[in-house]
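The values are calculated or read from the model by the stated rules, or taken from the named source; none is laboratory data. None of the values given here were measured: they were computed from a predicted structure. Reconstructed Cβ throughout: ideal geometry from the backbone, glycine too, with neighbour counts over all protein chains shown. Surface areas here come from the heavy atoms of the whole protein model, side chains and all, with no ligands, DNA or RNA. Shrake-Rupley method; radii C 1.70, N 1.55, O 1.52, S 1.80 Å.
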Amino acid sequence: MQFTIAIDGPAAAGKGTISRAVAQDLGVAHLDTGLLYRAVGMKGGDPVAAARNLAPQDLEREDLRGLQAAEAASRVAVNPEVRAALVEFQRDFARRAGGAVLDGRDIGTVICPKAEVKLFVTASAETRAMRRWKETGEGSYDAVLEQVRIRDARDMGRADAPLRPADDAVVLDTTELSIEDAVAQARAVIQARLGR
Ligand code: CDP
Ligand code: CDP
């Protein structure tokens, strides 16, 4: 059976954690689309050329998980030509036989507007900054909160594919939820929509 689960939302909302868990449940592939933008941002030089020539080894760099890569990603992600260069790869992934889970910012709105399931995962900026600060061990909590706020504003404010819930997305606020409860609620939405 072919189906797409689109999981969007702001930084450190829990998209990746939920995506990995539900992809494993269903035995389907997962694509963290943020990694594509992080790799383009960290490649340096012309970001449009970097996006057009993105190679598998570019996604294996050790430094893609940190705050510098997140910031670099959000800067290149405002460029419509960068975004356009990454569309086909994401849509091909979404169409794979057996089903796929993709997480990012514009999966339910732009990349896969017909996805069978759309989740918009969010949480307060303070909660998300605390999670990301603990996870990366980088900088101070205040600096991480500031970066999260700047990145949210840039992602929501850009003209091309801004971060917003699709009209038919189910919004899941994880501010007060444990990882287990957040995953359980996502599973319930998927079960209701897909019947499995
Ligand atoms: O993919 P995204 O940036 O949205 O977030 P993530 O990488 O799934 O989660 C960011 C951090 O928050 C990780 O360290 C998760 O373990 C943690 N987390 C949490 O503490 N509570 C949740 N309900 C979800 C995630
Ligand atoms: O893990 P976190 O949510 O902090 O970041 P990410 O998902 O790795 O995305 C990093 C940045 O890439 C975001 O702040 C966006 O600017 C950009 N991005 C995007 O524009 N569209 C996507 N589908 C995924 C990421």
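Within segment 146-164, the set of residues being closer than 19 Å to P80 by Cβ, part of a helix (DSSP H, G or I) and open to solvent by less than 30 Å² (accessible area, probe 1.4 Å) comprises R151, D155. Can you report the number of residues in segment 165-184 which are open to solvent by 60 Å² or more (accessible area, probe 1.4 Å) and in contact (Cβ under 8 Å) with a residue 40 or more places away in the chain? Residues flagged as open to solvent by 60 Å² or more (accessible area, probe 1.4 Å) and in contact (Cβ under 8 Å) with a residue 40 or more places away in the chain within segment 165-184 amount to 4. Across segment 1-26, the qualifying residues are those that are more than 12 Å from the chain's Cα centre (by Cα) and assigned to a loop (DSSP other than H, G, I, E, B), and the one among them that is surrounded by the fewest Cβ atoms within 10 Å (Cβ to Cβ) is M1.
All of (1) touching a residue at least 40 places away in the same chain (Cβ under 8 Å); (2) surrounded by fewer than 19 Cβ atoms within 10 Å (Cβ to Cβ) hold for E81 with one exception: (1). When segment 128-145 is limited to residues that are of a type in the set (A, V, I, L, M, F, W, C) and in contact (Cβ under 8 Å) with a residue 24 or more places away in the chain, the one that is surrounded by the most Cβ atoms within 10 Å (Cβ to Cβ) turns out to be V144. For segment 106-123, filtered to residues that are more than 12 Å from A169 (Cβ to Cβ) and within 13 Å of ligand 2 (Cβ to nearest atom), the residue that is surrounded by the fewest Cβ atoms within 10 Å (Cβ to Cβ) is V110.
With respect to being modelled with pLDDT of 95 or more and within 14 Å of ligand 1 (Cβ to nearest atom), A50 falls outside the description. Considering only residues that are surrounded by 14 or more Cβ atoms within 10 Å (Cβ to Cβ) and either part of a loop (DSSP other than H, G, I, E, B) or of a type in the set (F, W, Y) (or both), which ones fall in segment 50-78? Within segment 50-78, L54, R61, G66, A77, V78 meet the criteria. Residue count for segment 134-145 under the criterion of being part of a helix (DSSP H, G or I), out of contact with any Asp or Glu (no Cβ under 9 Å at 6 or more places or on another chain), within 14 Å of ligand 2 (Cβ to nearest atom) and more than 10 Å from A12 (Cα to Cα): the result is 2.
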